[in-house]
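Below: one structure, written as structure tokens.
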């Protein structure tokens, strides 16, 4: 057999011979080698875990900060809504007296008696508040990082505030309609019929507004308080509100009508 043939046979034998497989068990044929390898693996795993836990801690701190900021914004907005409810309740005596006076005026018109108006009807004041913070929170991820019970309380507070805002809007519109009474001499019979309808709506809305305002302050405040305000401050802001809280009729007229 020549040297070339022997070399070819050797190459063929190498190709057909099974390759030696890598085995962890073969690393360092002693316990020291195995321990060293396992120690290295442990260090790597520990490093990965530390890195992951560190990243999670950073994210937790970040969300804690963002949630805290969100709470501050929502609290400020909710206090504004509570102040709006407080402003409405402070004007309750003005609403009640004006509705009683309007009942007398409408009855005098029906009987063809002189109206004997002593002033302008006036208009109530509503403290307008924004709900932008809650709308923004709904479209962000901050609420997802709040406890479920807290999210539910915020939701209940702002949903109630939304209903209250709709009632205030409707109530304001009906009092604009009723202001036609300031031009009573120009009103026709159909105008008085429309005023009677508006009066009925105003009466119903008054009851609803008082109930919802009181409910918001007692049950949907999340422990917050409205910004301090007094009736004197409210009536000082608008001439129409000063007129609204002044008598429209002589007191004797109301006393006579209530008998």
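The values are calculated or read from the model by the stated rules, or taken from the named source; none is laboratory data. Note that this is a predicted model, so its numbers are computed, not measured. Note that each Cβ is placed from the backbone with ideal geometry, even for glycine, and that neighbours are counted across all protein chains shown.
Please go through (1) surrounded by 14 or more Cβ atoms within 10 Å (Cβ to Cβ); (2) closer than 21 Å to residue 96 by Cβ; (3) touching a helix residue (DSSP H, G or I) at 6+ places or on another chain (Cβ under 7 Å) for residue 179 and return the number of the only condition it doesn't satisfy.
With (1) surrounded by 14 or more Cβ atoms within 10 Å (Cβ to Cβ); (2) closer than 21 Å to residue 96 by Cβ; (3) touching a helix residue (DSSP H, G or I) at 6+ places or on another chain (Cβ under 7 Å) applied to residue 179, the lone miss is (3).
Need the failing condition index for residue 108 against (1) surrounded by 15 or more Cβ atoms within 10 Å (Cβ to Cβ); (2) touching a residue at least 24 places away in the same chain (Cβ under 8 Å), just the number.
Just one mismatch for residue 108, condition (2).
Go through the residues of region 179-192 one by one and say whether even a single one is outside any helix (DSSP H, G or I) and either under 14 Å from residue 121 (Cβ atoms) or at pLDDT below 95 (or both).
Just the residues of region 179-192 that are outside any helix (DSSP H, G or I), to begin with: 187-188.
Applying the additional criterion that residues be either under 14 Å from residue 121 (Cβ atoms) or at pLDDT below 95 (or both) yields 187.
Within region 179-192 (the criterion being outside any helix (DSSP H, G or I) and either under 14 Å from residue 121 (Cβ atoms) or at pLDDT below 95 (or both)), the answer is yes, since at least one residue qualifies.
Quick one: in region 142-162, which of the residues that are surrounded by fewer than 14 Cβ atoms within 10 Å (Cβ to Cβ) and touching a residue at least 12 places away in the same chain (Cβ under 8 Å) is farthest from residue 224 (Cα to Cα)?
162
Which residue pairs have Cβ atoms closer than 7 Å, lie 6 or more positions apart in sequence or on different chains, and pair a first residue in region 202-223 that is free of Cβ contacts under 8 Å to residues at least 40 places away in the same chain with a second residue that is surrounded by fewer than 17 Cβ atoms within 10 Å (Cβ to Cβ)?
Here the result reads 205/170, each pair linking region 202-223 to a residue that is surrounded by fewer than 17 Cβ atoms within 10 Å (Cβ to Cβ).
Step by step: first the residues of region 200-224, then only those that are in contact with a helix residue (DSSP H, G or I) (Cβ under 7 Å, 6 or more places away or on another chain) and in a loop (DSSP other than H, G, I, E, B), then the one that is surrounded by the most Cβ atoms within 10 Å (Cβ to Cβ). Which residue is that?
220
Among (1) in a helix (DSSP H, G or I); (2) at pLDDT 90 or above; (3) crowded, with 18+ Cβ neighbours inside 10 Å, which single condition is residue 103 missing?
(3)
Could you check region 182-195 and list, in sequence order, the residues that are under 41 Å from the mean Cα position of the chain (by Cα) and surrounded by 13 or more Cβ atoms within 10 Å (Cβ to Cβ)?
Matches in region 182-195: 182, 191, 192, 194, 195.
When you go through (1) in contact (Cβ under 8 Å) with a residue 12 or more places away in the chain; (2) assigned to a helix (DSSP H, G or I) one by one for residue 227, which number turns out not to apply?
With (1) in contact (Cβ under 8 Å) with a residue 12 or more places away in the chain; (2) assigned to a helix (DSSP H, G or I) applied to residue 227, the lone miss is (2).
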